[in-house]
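Below is one structure, written out as structure tokens; the observations come after it.
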Amino acid sequence: MLLIIAMALTRHRHFPHFIIFVFLLAEILILNSIIAFNGAASNPFNAVLLVPVVLSFMWLPHVPALLLWLVSVGGQLAQLIPFSTVNHAHNGMNAHFESMIISFVITSAIIAVVTLYFKYQISKKEADIQQLRERQLRNEQLLAIGTAAAQLTHEVATPVQSAQLLLEEGIEQLSTTPDWLLSLQKQFQRIHQKLSEWRLIAEDIRMQKSDHFQIGPLWSEVKYLMSIARPETEIQWQTNNLDDSGKLIADRTLLPALTSIIVNACDAAVDTSDPKVTVYSEVFNSQWRIKVVNRSNRLSEQTIKELGQRFLPSTAGHGIGATVSNATIEKFHGKVIWFRESDNLVTLVTLPCSPLDECPE
């Protein structure tokens, strides 16, 4: 009550835990003193001491709250001292007073446990709400990036097609085509192919279309794309139980997400003394597990903890790759976690899969 009055006078100012502890301790001592001089254990108003017990478990950490509860219980037990000297003729009343004190102790303990339980539930709900807010913010950022990417793709498509047509006309007019010009034409063809794949991906997302992808061919496609994207990086591929292992439900965005994770590992390992990247893949307990191991000395523990949850500063880009990949994997009910093993950074991807005979063709 003293604490509530103080908070009301200061317009619900948030007090430090130490100040709250002092207020509640003073309140418990004052109330016990008043009760002691007004009937002690026979005073029926000792239930008012339950109020500071509830407040302590609501606003204080466990240890200070438990200490205040012990002080309150000790004060109540001290109320029995005056009656211990009364003659045995009043044993019936003594038993009644003892029962009142025991009832207070049990009631305060139950209230403390219930208050702690509800406090735990509230903190858990607040953590879930905070996580949902962060995920919503991340999704809004991804939506903005996706909108910008779609607009940029639309604007780039026309000049790329025009440049490709000009190259083809130039090659036809030359009697001997230089190798560099053929290489340039291949690069423009790759860009044109990527733009076509982007259109298919955008159409699948718009139609919310999902397909059954067989894990074996999908993994072969990942290895092929990595041989094109990072041919200079030594990647050790290790598989277990992938032949006829099953299928998973996803759309065309899954393949870019998986390759992006491995590309990030390659880029992180390039600046280390051991630029090798090891990729393990296996199917176990209806889950497709992909474990990417690379040497990385630049990321702190806090950064690793926040990877994939929000955009992080990156020296090679804008820190978007891990977030986009994580959001894509989560869309297919999968999970991506990053952790450190010695000097290595490990990226573990898990995706739910099912046997081939349970998946419709």
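The values are calculated or read from the model by the stated rules, or taken from the named source; none is laboratory data. The structure presented is a predicted model; accordingly, all values stated were derived computationally and were not measured. Ideal geometry is used to build each Cβ from the backbone, glycine not excepted, and the neighbour counts take in all protein chains shown. Ligands, DNA and RNA are stripped out before the accessible areas are found, and what is left, the full protein with its side chains, is counted by its heavy atoms. Shrake-Rupley method; radii C 1.70, N 1.55, O 1.52, S 1.80 Å.
Shape annotation for the stretch 222-297: C-alpha extents along the principal axes are 37, 23, 19 Å, from largest to smallest. In units of the rule-of-thumb radius 2.2 N^0.38 Å, the stretch 154-236 shows an alpha carbon radius of gyration of 1.45. Within the accessible area of the stretch 118-261, what % is carbon and sulfur when the probe is 1.4 Å and the other protein chains stay in place? Roughly 55 percent of what the probe reaches on the stretch 118-261 is carbon or sulfur.
Where the only charges are on Cβ atoms (+1 Lys, Arg; -1 Asp, Glu), what is the dipole of the stretch 148-302 about its Cα centre, to the nearest 20 debye? Each step should come with its number before you reach the end.
Values: 15 positive and 20 negative charges, 76 e Å.
In debye, rounded to 20, the stretch 148-302 gives about 360.
In the context of the full set of protein chains, residues of the stretch 231-294 present 47 Å² of accessible surface per residue (probe radius 1.4 Å, heavy atoms only).
Summing charges over all other residues whose Cβ lies under 12 Å from the Cβ of H192, with Lys and Arg as +1 and Asp and Glu as -1, gives +2. Global dimensions of the stretch 102-175 from alpha-carbon coordinates: Rg and Dmax equal 31.4, 106 Å. Would you tell me the accessible area of W338, worked out with a 1.4 angstrom probe on the heavy atoms of the protein chains, in Å² to the nearest 10? The accessible area comes out at roughly 40 Å². When all alpha carbon pairs of the stretch 136-191 are counted in 5 Å bins from zero, the resulting P(r) reads 4, 17, 18, 15, 11, 9, 9, 7, 5, 3, 1, 0 %. What the phi angles of the stretch 277-282 give under the Karplus curve with 6.51, -1.76 and 1.60, with θ = phi - 60°, is a coupling list of 10, 10, 10, 9, 9, 7 Hz, glycine and proline written as x.
In terms of packing, defined here as the mean over residues of other Cβ atoms within 10 angstrom, the peptides 175-181, 206-212, 106-112 line up highest first as 106-112, 206-212, 175-181.
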